[in-house]
Amino acid sequence: MMKYLLLTLFLFVAAQAHASLIRGTVTNQKGDRLPFATVMIKGTTNGVTTNADGLYQLEVAAGAYTIICQYMGYRKMEKPVQAGEAPVQLDFVLEPLSMQIKEVVIKSGGEDPAYAIIRQAIKKRSFYQSQLKKYTVDTYMKLLAKMRRMPKKVFGQKIDTDEIGVDSTGKGIFGLSESVTRVNYDAPNTKLDVLSSRQSGGGLGFSIPATISFYDNNVEAITSQLGPRGFISPISQNALLYYKYRLEGTFLDDNKLVNKIKVIPRRKYEPLFAGYIYITEDDWRIHSTDLMLTKEYQLELIDTLIIRQTHVPVTPEVWRTKDQVVYIALKMFGFDLVANSVQVYSNYNLHPVFPKGFFNKVIMRYEKDAGDRNVKYWDSIRPVPLEADEAKDFRVKDSTARARRDSARSKYHLDSLRKKPQPVKLDDIALNGWGHTWYFKSDTTIRTHRFHMRSLLSGLSYNTVEGLSVAVEPGVTFSLRNRRVLNWTNNIRYGFSNSHLNAYTSLRLFGNNEDGFGSRNVWTLSGGKKVQQFNRENPIGPVMNSLYTLLLKENYMKLYEAWFGKAQFSRNFQNAMQLSADVTYEDRIPLENTTDFVLFKDGKKTFTPNHPQELAHLPFVREQVLAASVGLRYQPGQRFIEYPRYRQAIGSDYPTFSFQYTKGFLDADFDKWKFGVRGDKNFKLFGAVQYNVSAGGFLNSKKVSIPDLQHFNGNQTFYNIKYVNSFQLAPYYQYSTSAGLYATYNIEHHFNGLLTNKIPLFNRLKWNLVAGSNAFYVNRANNYVEVFAGLENIFKVIRVDVVAGYQSQADTRVGVRIGFGGILGSAFKFE
């Protein structure tokens with residue numbers, strides 16, 4: 001009994017020993033609060049960071065300590081303190097550093113002494129970059145995003161302030177999260193263990209520390225979207241070609257001389273930093289940084305990004321980042337927002353022992369209770385005190401989310417949802433699409449069934465077979481038990497010229513065998529009657545075909561009708577491999593042109609037959625075809641994030657491999673296969689490459705109809721978005737084949753500012769060069785090569801190419817193609 005009493009007493013005392021609190025304010029001599037200053041226990045790397053209001057709090061065991069406070073541009077200060085049961089108030093008033101300028105004689109034509117320091121730092125760069133072969137460190141990260149101004153509408157769509165999380169004036173916090181992540185490193189492998197994570201309003205917060213190392217030649221600032229080429233470090237191997245330097249002064253930090261060097265880009269519109277880097281004397285390591293990126297230096301999407309780091313000694317020989325603050329400012333489309341990320345590193349272990357198999361394909365893992373920590377836990381471990389509006393945001397949004405979850409189980413909430421049906425507006429029916437949601441209770445939660453309908457405008461098209469056609473696509477999404485979803489979609493289409501009514505329906509059932517987004521099965525059953533292009537990849541969209549038919553009297557879309565039935569199954573595995581199989585029956589019916597109406601008469605032109613004239617030698621009559629296919633898609637080297645209940649693939653450095661085999665029966669008798677490799681590679685400063693290579697052919701081609709041929713995606717309009725999957729000047733059906741073997745390649749290089757940023761005035765536009773080639777080969781008579789060069793990122797979304805196409809049996813073609821390409825271009829789809 002005495003043993004248990006002593007154990008209980010010991011645990012009680014130990015718990016009390018960890019309850020001591022040191023807190024205070026960090027200001028300068030004028031009384032201005034110093035945000036994100038570093039406060040540490042001397043002799044350790046354990047410490048905290050002040051918040052934006054200059055406040056800090058540090059939990060320690062009872063005892064005597066020396067507390068260090070430092071802030072960039074100010075003299076470091078130490079204070080002794082005795083921590084006990086009562087909180088201790090320990091304020092710091094920091095003095096500005098008095099810089100000393102070295103007495104260096106600069107001869108005529110000489111250079112600033114900063115250059116000699118930078119050369120020494122460059123020599124030591126690779127050593128410090130790879131100095132640590134293994135370590136672990138705990139990283140606290142807080143992300144805050146505030147809206148300062150917001151428009152009421154964007155692209156005609158009204159913005160719901162409640163959904164974003166700001167007040168009725170469009171101001172306030174719309175993003176707030178914090179997390180604690182342990183970084184495990186054993187060169188070259190890194191693994192993240194998320195110990196705790198939350199976001200305002202509930203759920204897991206962003207938990208990936210943005211580790212920015214200026215010892216790297218090429219620095220990725222948070223994400224490659226902000227700068228696809230990366231940014232050149234001020235101490236990179238070739239930094240002297242890109243930067244000018246000026247020694248601003250020196251100061252002593254713990255008897256170590258530190259050089260403050262101003263970093264000045266030599267040229268605008270290069271991916272360069274501006275600001276200050278602090279280098280220690282003799283050992284030439286980074287002491288701290290205060291560096292900035294702007295739009296003038298190839299920063300994309302945002303206006304300003306500032307990176308401030310403080311490095312401290314973990315051992316006398318090893319210095320590591322203690323804290324990192326990233327500021328972001330953006331004004332776009334009427335939005336005015338600011339954000340910051342604060343990361344505090346602690347508990348460095350330079351000699352960890354990792355168990356065998358610790359480093360694997362899971363590069364980030366959440367602890368099972370990472371999202372279940374209570375407020376007391378966060379208050380006890382948080383190294384950066386919350387500001388008043390942050391604490392309020394957590395409190396209010398967490399309470400609101402909790403109330404909604406509780407309310408979601410009540411009959412009152414269910415009744416209130418049912419009493420508020422979404423009003424259907426005329427412009428929704430015509431332009432935007434519309435729907436209705438039914439709410440019902442199942443078990444302890446409220447689930448929904450939703451009816452949805454595409455807009456009438458999206459269903460309008462014109463072609464020479466149907467004339468004006470209109471299609472409506474009503475559908476219902478059913479929410480089933482066990483996270484399953486059933487989609488029931490329908491398509492009803494009527495051609496006013498040929499008076500044909502086509503309609504088909506499709507049922508798609510999918511869900512997860514495991515919780516979350518792990519492996520899952522998808523079953524699809526569809527049937528009815530439809531109109532479709534001979535090339536199943538739909539090389540020309542309905543909008544472009546309608547415009548070319550009505551305005552230019554050119555009917556590129558070639559169609560046939562089919563009664564069909566299709567059963568399809570696919571399995572998506574957790575390793576990102578997909579296996580699919582389907583069986584399709586088609587009763588194919590030829591179609592003829594029924595109208596020649598155009599908006600502008602042109603007697604010199606006539607419409608071509610609906611039967612592809614390039615394939616006039618192949619008859620197409622009514623036929624019944626049964627086709628069975630199996631396919632496999634796999635990207636090796638997949639990496640994963642392991643959440644508490646599921647695992648999610650996040651990509652790989654390797655390309656994606658695909659294989660498909662199809663067998664035809666009944667009026668068809670063929671066997672065809674296709675193998676493809678598709679991928680991309682970012683070479684940072686030298687741009688990025690995208691490629692798509694394939695080979696295939698017919699093992700048996702006894703009976704092959706036009707829809708079953710191998711078609712190459714041609715393009716005869718001015719518009720193209722099927723990059724790395726089309727031939728920009730090739731006719732749609734001229735090269736279609738049933739040959740035993742063919743090969744294709746599509747490759748394009750995105751220079752991402754390389755070369756174009758050297759052209760005065762033009763470089764201000766940030767239009768980027770893109771170049772590449774597309775080709776296929778069947779035999780000596782059937783082959784095609786095209787090369788192209790163009791500009792993308794025009795207004796962030798537009799791409800224009802000049803293309804030259806060569807075919808051994810025809811004259812060289814030259815044309816211009818316009819599409820979407822650039823930082824935001826991939827978000828636009830228009831067919």
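At a glance:
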read-out	value
Residue-by-residue Karplus 3J(HN,Hα) for region 340-345, coefficients 6.51, -1.76, 1.60, Hz, glycine and proline x	8, 10, 10, 10, 10, 9
Förster-model FRET efficiency, 22 Å R0, Phe762 and Val802, C-beta, rounded to 0.05	0.85
Packing-based order for 355-361, 130-136, 722-728, using average beta carbon neighbours within 10 Å, highest first	722-728, 130-136, 355-361
Amide proton proximity set for Arg320, modelled H, under 5 Å, gap of 5+	Val312, Val314
Built amide H within the under 5 Å cut-off of Glu554, gap 5+	Thr549
Simple label model, 7 Å out from Cα along Cβ direction - Ser130 to His449, nm	6.4 nm
Stretch gain in nm, segment Tyr661-Phe718, where the contour uses 0.36 nm per residue and the Cα spacing is subtracted	17.2 nm
DSSP bridge orientation in the chain - percent antiparallel, rounded to nearest 5	95 percent
HN-Hα J in Hz across region 234-243 - Karplus 6.51, -1.76, 1.60, θ = phi - 60°, x for Gly and Pro	x, 10, 5, 4, 10, 4, 5, 6, 10, 10
nm² value of the averaged projected area, convex hull over the Cα atoms of the chain	45.4 nm²
Vicinal HN-Hα couplings computed from phi for region 204-209 (Karplus, 6.51 cos²θ - 1.76 cosθ + 1.60; Hz; Gly/Pro x)	7, x, 6, 10, 9, x
Span-like helix ranges in the chain, DSSP H, alpha carbon extent 27 angstrom or more, Kyte mean at least 0.0	none
Ordering of 628-641, 740-753 by packing [mean C-beta count within 10 Å, highest first]	740-753, 628-641
Inter-label distance for Phe478 and Arg148, nm, one decimal - labels placed 7 Å from Cα along Cα-to-Cβ	5.2 nm
Potential lengthening between Asp596 and Lys30 on full extension [0.36 nm per residue; Cα-Cα distance subtracted]	195.6 nm
For Val598, distant residues with modelled amide H under 5 Å away	none
Spatial separation of Cα centroids for region 606-677 and region 287-316, in angstrom	46 Å
Restraint check, Lys42/Lys244; Lys368/Lys566; Lys124/Lys322; Lys529/Lys702; Lys605/Lys722; Lys684/Lys722, Cα-Cα greater than 32 Å	Lys42/Lys244; Lys368/Lys566
Helix-only [θ]222 nm of the chain, DSSP H runs n ≥ 4, -39500 (n - 2.57) each, per residue, nearest 500	-3000 deg cm²/dmol
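Each value in this text was obtained by applying a stated rule to the coordinates, not by laboratory testing. Quantities reported herein were computed from a predicted structural model and do not represent experimental measurements. Counting neighbours? That spans all protein chains shown, and the Cβs are built from the backbone with ideal geometry, glycine included.
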